[in-house]
Amino acid sequence: MAPSSKVCVGQITGAHGVRGLVKVKPFTAAPEDLTAYGPVSDEAGARRFALQLLSWAKDQWIVRVEGVADRDAADALRGLRLYVDRAALPETEEDEFYHADLIGLPAVLADGSAFGTVRAVFDFGAGEMLEIARQGAGAVMMPFTRAAVPVVDIAGRRIVVDPPAGLLEPAERPPEEGEDDDAGTGA
């Protein structure tokens with residue numbers, strides 16, 4: 001699977017007011033870069049949108065979309081993910097990756113054995129996490145750190161993972177209500 005030719009830079013989360021403005025959650029490293037790469041499009045590239053950033057509120061931009069003049073038209077865009085062509089984006093630095101480059105990469109262990117496939121990249125505030133789908137074993141959330149992911153080989157289309165201790169062991173079952181924690185211990 002080759003890297004995507006488009007990169008998602010934001011998502012319209014809903015209408016703002018009655019004059020056609022929308023709220024956009026940016027996915028760019030610097031929120032103000034949402035419009036730095038030119039007009040955006042839908043994922044298929046079928047519709048293009050010129051955006052004007054108006055104000056920043058609650059981790060989202062209030063945006064004017066060219067051609068959208070009322071609340072109904074703005075609300076119809078709710079959930080739309082906004083993309084730019086990869087060629088419009090700057091080259092990444094060493095140890096810097098676009099999420100679109102990581103999604104879909106096979107994950108292998110140090111010995112080369114298959115581990116899974118990167119399904120998503122998340123940042124819940126304490127650092128980035130990779131969701132890795134595993135054949136027949138369910139997905140795991142892997143910290144995206146050098147210790148847990150020592151090799152990211154975009155050109156070779158793979159990552160090498162070293163799962164942290166305890167990640168793959170099943171969680172201990174908490175005692176059920178009314179179950180005695182000391183049952184069978186002779187205490």
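Under the rule of -39500 (n - 2.57) per DSSP H run of 4 or more residues, summed and divided by the residues of the chain, what mean residue ellipticity at 222 nm is obtained, to the nearest 500 deg cm²/dmol?
-1000 deg cm²/dmol
Using alpha-carbon pairs under 8 Å, 6+ residues apart, how would you state the relative contact order of the range 5-157 in percent?
Averaging sequence separation for qualifying contacts and normalising by length gives 20 percent for the range 5-157.
Near the amide H of R119, under 5 Å away, which other amide H atoms are found, from residues 5 or more places off or on another chain, if H is placed in the peptide plane?
Distant-sequence amide H within range of R119: G104, E131, I132, A133.
Compute, for the chain, the length of the dipole vector about the Cα centre, with Cβ point charges of +1 (Lys, Arg) and -1 (Asp, Glu) only. Units Debye, rounded to 20.
1300 debye
So, with +1 on the Cβ of K and R and -1 on the Cβ of D and E, and no other charges, what is the size of the charge dipole of the range 115-169 about its Cα centre, to the nearest 20 debye?
200 debye
Return the Rg/Rh ratio of the range 1-146 with Cα-based radii and a Kirkwood Rh.
Expressed as Rg/Rh, it is 1.04.
Carbon-plus-sulfur fraction of the accessible area of the chain, 1.4 Å probe, in percent?
Within the chain, the accessible surface is 50 percent carbon and sulfur.
So how far apart, in nm, are the two label points at A137 and D75 if each is 7 Å from Cα heading toward Cβ?
Modelled inter-label distance: 4.7 nm.
Given the Cα-Cα distance of L53 and D153 and 0.36 nm per residue of separation, how much length would full extension add, in nm?
Additional length available on full extension: 32.4 nm.
Measuring with a 1.4 Å probe in the full set of protein chains, what accessible area per residue, in whole Å², belongs to the range 123-173?
Normalised by residue count, the accessible surface of the range 123-173 is 64 Å².
The values are calculated or read from the model by the stated rules, or taken from the named source; none is laboratory data. Just so you know, these numbers come straight off a predicted model, no measurement behind them. We place every Cβ from the backbone using ideal geometry, glycine too, and count neighbours over all the protein chains shown. Just so you know, the surface numbers come from the protein's heavy atoms only, side chains and all, with ligands and any DNA or RNA stripped out. Shrake-Rupley method; radii C 1.70, N 1.55, O 1.52, S 1.80 Å.
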